[in-house]
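All remarks here apply to the structure that follows.
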Amino acid sequence: MKIAYYLNEGRKKNLYCRISDGAERVTFSMEYSVDAEKWNEKKGEVDFEDTHYFTLIQFKEYLTKKYYELKSEGKDDVLARLKNEALSFTQDAGINGVTEKMFDYFNSEQNFPKYKDFIQAFEKFSKLKENDYKVETIDNIIRFHTKDKIYEMDTDEGLTARLKDFIERRAYDEICTETDRSIWSEIYIDADIEKHVFLPKMFNEWKIYWNTLYKNIRESVGKTDHLNEMKQTSWREFQIFMECYDGHGDAIKLAFEINQDELYPIAVIATMKIFDADTCYTEYCEHEFFGGGKWESVSLDDEDNSPMFFIRPCEF
């Protein structure tokens, strides 16, 4: 089974989807117009800056999953069923209907506000109407593109889910680029972790980092000799970290100052492995959304159980 997007030059709303399975094939319109200059013919995808770039990736993933589910259930006319479902998504709202369905579907396992709640919260905040902005979904964040600005809307639930994912996957790069070092420092200081507790956990995480790196390079490249000198340098840096630990007071900042790409995310993970994770996520969200005045809060109504949203102009 293969899913591909293509441009139908005879249509104004020219983005189409084709699903093929052997000799069987169905096609349908995505109810969306794409500028030919912003279309990658080789990859069969829109430009990265297109607001529906991630929606189209998710829709392929969704169709693939549904295909195998229907096959495993012994259903007939699988491709026709997929086409009919896609048409039901686009019937009333065009490709925005697909965006809504994908956002809710891929966040369905979380206790998470619905797409329509984000839309309602943004319109309450901005006083804009549906045709005054474009919607871009990225995982559990929604960006609103207006004439003058791009706004980003987030939630406690969304940020917590991302932080939890970074820590559990040991996503070192994302911890460096997608989280705030100063907030992790606040959490570490509040946790008041004793040296004899923190350093063994830090050392264990350091070993996991290098064992994983060796394993990944061995599987992808084969040779790992070039890592030996890097590991020795890293070990010397970790020794400096241990020597300076007592006189610093903030292990997160210390690790960042010595090696922000390696020791810093390792120190964050070590902290989270010691302290209660749920408490840490709650504290992180409080610092992020209520500290520094970067975000404005928006609620749908005055009820205590009403979803709370946080919005700010995008910084890029």
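Can you say whether I183 is touching a Phe, Trp or Tyr at 6+ places or on another chain (Cβ under 8 Å) and open to solvent by 20 Å² or more (accessible area, probe 1.4 Å), as far as the supplied structure shows?
Details: touching a Phe, Trp or Tyr at 6+ places or on another chain (Cβ under 8 Å): yes; open to solvent by 20 Å² or more (accessible area, probe 1.4 Å): no.
So I183 does not fit the description; no.
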In the range 227-263, anything more than 28 Å from the chain's Cα centre (by Cα), more than 20 Å from I193 (Cα to Cα) and open to solvent by 80 Å² or more (accessible area, probe 1.4 Å) is listed as E229, M230, Q232, W235, R236
Selection from the range 123-134 of residues touching a residue at least 24 places away in the same chain (Cβ under 8 Å), open to solvent by less than 70 Å² (accessible area, probe 1.4 Å) and farther than 20 Å from E157 by Cα yields S126
Apart from one, (1) over 22 Å from the mean Cα position of the chain (by Cα); (2) open to solvent by less than 80 Å² (accessible area, probe 1.4 Å) all hold for N305; the odd one out is (2)
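Yes/no per residue for (1) part of a loop (DSSP other than H, G, I, E, B); (2) among the charged types (D, E, K, R):
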{"position": "D246", "(1), (2)": "yes, yes"}
{"position": "G249", "(1), (2)": "yes, no"}
{"position": "I252", "(1), (2)": "no, no"}
{"position": "F256", "(1), (2)": "no, no"}
{"position": "A267", "(1), (2)": "no, no"}
{"position": "F289", "(1), (2)": "no, no"}
{"position": "V298", "(1), (2)": "no, no"}
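For the range 71-117, which positions are charged (D, E, K, R), within 30 Å of W295 (Cβ to Cβ) and either in contact with an Asp or Glu (Cβ under 9 Å, 6 or more places away or on another chain) or open to solvent by 70 Å² or more (accessible area, probe 1.4 Å) (or both)?
Quick first cut of the range 71-117, residues charged (D, E, K, R) only: 71, 73, 75-77, 81, 83, 85, 92, 100-101, 104, 109, 114, 116-117.
Then drop every residue that is not within 30 Å of W295 (Cβ to Cβ), which leaves 100-101, 104, 109, 114, 116-117.
K101, E109, K114, K116, listed by residue number.
Scanning for something open to solvent by less than 20 Å² (accessible area, probe 1.4 Å), aliphatic (A, V, I, L, M) and more than 19 Å from D261 (Cα to Cα), does the range 160-178 turn up at least one residue? Write out each step before concluding.
Within the range 160-178, the subset open to solvent by less than 20 Å² (accessible area, probe 1.4 Å) is 163, 167, 171, 175.
Okay, now just the ones that are also aliphatic (A, V, I, L, M), so 163, 167, 171, 175.
Then drop every residue that is not more than 19 Å from D261 (Cα to Cα), which leaves none.
No; the residues of the range 160-178 include none that is open to solvent by less than 20 Å² (accessible area, probe 1.4 Å), aliphatic (A, V, I, L, M) and more than 19 Å from D261 (Cα to Cα).
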Subset of the range 212-229, residues within 19 Å of A171 (Cα to Cα) and touching a helix residue (DSSP H, G or I) at 6+ places or on another chain (Cβ under 7 Å), comes to L213, Y214, I217
Q120: passes all of (1) open to solvent by 30 Å² or more (accessible area, probe 1.4 Å); (2) without any contact (Cβ under 8 Å) to a residue 40 or more places away in the chain; (3) within 26 Å of D156 (Cβ to Cβ); (4) of a type in the set (S, T, N, Q) but (2)
By my count, strands (runs of 3 or more DSSP E) wholly in the range 1-49 with at least 2 residues that are among the aliphatic types (A, V, I, L, M) and open to solvent by 40 Å² or more (accessible area, probe 1.4 Å) are none
Residues in the range 277-296 that are under 21 Å from the mean Cα position of the chain (by Cα), closer than 30 Å to K147 by Cβ and free of Cβ contacts under 8 Å to residues at least 40 places away in the same chain total 1
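The values are calculated or read from the model by the stated rules, or taken from the named source; none is laboratory data. All values derive from a computational prediction rather than experimental measurement. Note: ideal-geometry Cβ built from the backbone for every residue, glycine included; neighbour counts use all protein chains shown. Only protein heavy atoms, including side chains, enter the accessible area calculation; ligands, DNA and RNA are left aside. Shrake-Rupley method; radii C 1.70, N 1.55, O 1.52, S 1.80 Å.
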